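Visitor: Pasting a structure here, questions to come.
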Amino acid sequence: MNKKIFTLVLLTICMFSFLFAEQNSSAAAYMRLGTGAKAMAMGGTGVASIDNITATYWNPAGLANLKTFEFGSMIADGLGWDRSYNYSAIGFRLPNGYAALSWNNANVSDIKGYDENDNFTGNFDNSEHNIGLSYALGSPKFKLGATVKAFISSIDGDFETGYGTDLGIIYDANQYFSIGVMCRDLYSEYVNEEVPSQYSFGITMHPIYGLTLNSDFKAEKDDENIEVGVGAEYWIGLGEDVEVSSTLGEISAEEKTSWDDLLSNAEGGLRVGIDDGSFTAGFGLRYKVIEASYAYGAAKDDKLTEDSHRFSLIFRF
């Protein structure tokens, strides 16, 4: 790597961390942004509650609750600073457990480059990728999941790599109450720098039919600050003979293919939350094999973020 590229790498790592994670300046800070419109609309919570393929991010133990093949994707809009953030994952049931492959991608475009003598060298782009392989298994009470992941950074045509591991546990006390623990980046390194571990604890309650209440607490290694997220979700049936989505009852995909059958059993969900002091909200629409969700996130007080929007699609077969 020549001096110009080395300088670009250092500048970009600092800038990218600054742009993508507000006050988090660590390597791979973009992996703290959160994934999926459902969890983000609920205040960025999901350690104990997430019930779709985005469990690859929030807590891989949650994959043990999935019954079918799932494909999910998300795009984020309104991040500002020429940033973009995307997610895709695919998962399937195995004879013993559940496996999933996920991809998180973050980009910053039109970054001004300078050489070691502070001479302008033109604009360049930065693209970050996180590719994870997750596996989960469990009993009716305990779920355990793990993810091994690879970091890939493309900076002005130059590539850097890293690796990481996540571990999660969920305990379903009963149909009304669950707790979860997620250890992100237990042993991770990126661009020759240690990625600090993040520890999350989540509580989920289902006090009444169709209502879910979440609270998550997150702490970073060597950081005294604790981030708190709270959120709620309520589903109602839009068609006839529809069970609302919660631990107390949910629609299961059946072996029927007619569009009339797919569209007759529909659900609508409303979500609201607070993510480390910032307001979030959103909604979801679900038929038997497809779920579409939207999340709004208000700008935070650090003046580095703008109001953001996330759009997700999930297919179940």
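The values are calculated or read from the model by the stated rules, or taken from the named source; none is laboratory data. Note that the structure is predicted; figures quoted are calculated from it, not measured. Positions of Cβ are backbone-derived with ideal geometry, glycine not excepted, and every protein chain shown enters the neighbour counts.
Visitor: All but one of (1) under 13 Å from the mean Cα position of the chain (by Cα); (2) modelled with pLDDT of 90 or more; (3) among the hydrophobic types (A, V, I, L, M, F, W, C); (4) farther than 17 Å from Arg93 by Cα hold for Ala48, so report the exception by its number.
Guide: All conditions are met except number (1).
Visitor: Okay, moving on. Give me a count of the residues in the stretch 141-156 that are modelled with pLDDT under 90 and of a type outside the set (A, V, I, L, M, F, W, C).
Guide: Within the stretch 141-156, residues that are modelled with pLDDT under 90 and of a type outside the set (A, V, I, L, M, F, W, C) number 3.
Visitor: Further question: I'd like the full set of residues that are farther than 30 Å from Asp222 by Cβ and not aromatic (Phe, Trp, Tyr), limited to the stretch 131-185.
Guide: Leu137, Gly138, Ser139, Pro140, Lys141, Asp156, Gly157, Asp172, Ala173, Asn174, Gln175
Visitor: Sticking with this structure for a sec: Determine whether the stretch 170-191 contains at least one residue that is surrounded by 15 or more Cβ atoms within 10 Å (Cβ to Cβ), touching a Pro at 6+ places or on another chain (Cβ under 8 Å), outside any strand (DSSP E or B) and not hydrophobic (A, V, I, L, M, F, W, C).
Guide: Checked against the condition, which is being surrounded by 15 or more Cβ atoms within 10 Å (Cβ to Cβ), touching a Pro at 6+ places or on another chain (Cβ under 8 Å), outside any strand (DSSP E or B) and not hydrophobic (A, V, I, L, M, F, W, C), the stretch 170-191 yields at least one hit.
Visitor: Here's something else I'd like to know. Just one of the numbered conditions (1) surrounded by fewer than 17 Cβ atoms within 10 Å (Cβ to Cβ); (2) of a type in the set (Lys, Arg); (3) modelled with pLDDT of 85 or more is not true of Lys256; which one?
Guide: The number of the failed condition is (3).
Visitor: Determine if the stretch 195-202 includes at least one residue that is within 20 Å of Leu144 (Cβ to Cβ), modelled with pLDDT of 90 or more and not in a strand (DSSP E or B).
Guide: Yes - at least one qualifying residue is present in the stretch 195-202.
Visitor: Additional query: Checking Asn123 against (1) closer than 21 Å to Ser154 by Cβ; (2) modelled with pLDDT of 80 or more, only one condition comes out false. Which one?
Guide: (2)
Visitor: Only one of these is assigned to a loop (DSSP other than H, G, I, E, B), modelled with pLDDT of 75 or more and out of contact with any helix residue (DSSP H, G or I) (no Cβ under 7 Å at 6 or more places or on another chain): Gly72, Gly43. Name it.
Guide: Result: Gly43 is the single residue among Gly72, Gly43 that is assigned to a loop (DSSP other than H, G, I, E, B), modelled with pLDDT of 75 or more and out of contact with any helix residue (DSSP H, G or I) (no Cβ under 7 Å at 6 or more places or on another chain).
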